[in-house]
Structure formats: C-alpha cells, structure tokens
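Below is one structure, written out as structure tokens, with a few remarks after it.
The values are calculated or read from the model by the stated rules, or taken from the named source; none is laboratory data. Because the structure is a prediction, the values reported are computed rather than measured. Reconstructed Cβ throughout: ideal geometry from the backbone, glycine too, with neighbour counts over all protein chains shown.
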Amino acid sequence: MFEKLEAALPVFARKDLTFEMIQHRFTKPAKRVIQENYPMTKLELDESKRKTKWGKYGIWKYVYQDEEQEDIKDTLGSYISKYFPESKIEYFT
C-alpha cells in the first residue's frame, strides 16, 4: 500500500505530508450492524480479545490491547518512515 502510494503521489504533494493512523475499534451497537450487514466479515469482533476505552460519545468501545497497538503503530510507522521520510505522523488512536 505504501509502495503504491509513494509511486502515485506527485513530488509537490509530499510537501508537509502528514499521516493520521486510526485503529479498528467498535462499539456493541456497531458490532451488531457489522454482523448483520457483513455476516462473513473477517474483522476481529471478540470483545474478550480487546480492551475497553470510554468513547467521547458516552459509550464504551473495544480497541486493540496495548501491545497490539504498539505493534501496529511501529509497523506502520516504519513503512511511513521508509517511503515518506520527511512526513509527520500527526497521531495514532
């Protein structure tokens, strides 16, 4: 994905390039919708494999465990550094 983006992005568009990384997370209502609309989904929706985080809309959401979050952040960050060394990662959530 990063290799394709690097090949397709013109040089002028790389100036002040930033990335925002948002991990997959879900709420109980969202899980029901996903399972109803996409019964063959491969998304990990097992709450026991996630940790909970209080959402800004007043509902608990399920996010990856801390170790998985760090692994995702480090892996994607290394690709961003490799293909876009002058870019900045704005945030990871």
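Can you report the number of residues in region 61-80 which are more than 22 Å from Glu3 (Cα to Cα) and of a type in the set (Lys, Arg)?
So the answer is 1.
Out of all the residues in region 60-90, which are free of Cβ contacts under 8 Å to residues at least 40 places away in the same chain and either among the acidic types (Asp, Glu) or closer than 21 Å to Lys28 by Cβ (or both)?
Within region 60-90, Trp60, Lys61, Tyr62, Gln65, Asp66, Glu67, Glu68, Glu70, Asp71, Asp74 qualify.
Applying the selection to region 46-59, what residues are more than 18 Å from the chain's Cα centre (by Cα) and under 16 Å from Ile34 (Cβ atoms)?
Applying the first criterion (more than 18 Å from the chain's Cα centre (by Cα)) to region 46-59 yields 48, 57-59.
Passing the criteria: only Ile59.
Residue by residue through region 18-35, note down the ones that are basic (Lys, Arg) and either in contact with a strand residue (DSSP E or B) (Cβ under 7 Å, 6 or more places away or on another chain) or under 29 Å from Ile80 (Cα atoms) (or both). Reasoning before the result, please.
Looking only at region 18-35, we keep the residues that are basic (Lys, Arg), and these are 25, 28, 31-32.
Result: Arg25, single match.
I want to confirm something. Restricting to region 15-45 and keeping residues that are within 15 Å of the chain's Cα centre (by Cα) and of a type in the set (Asp, Glu), which single residue is modelled with the lowest pLDDT?
Applying the filter and picking the extreme gives Glu44.
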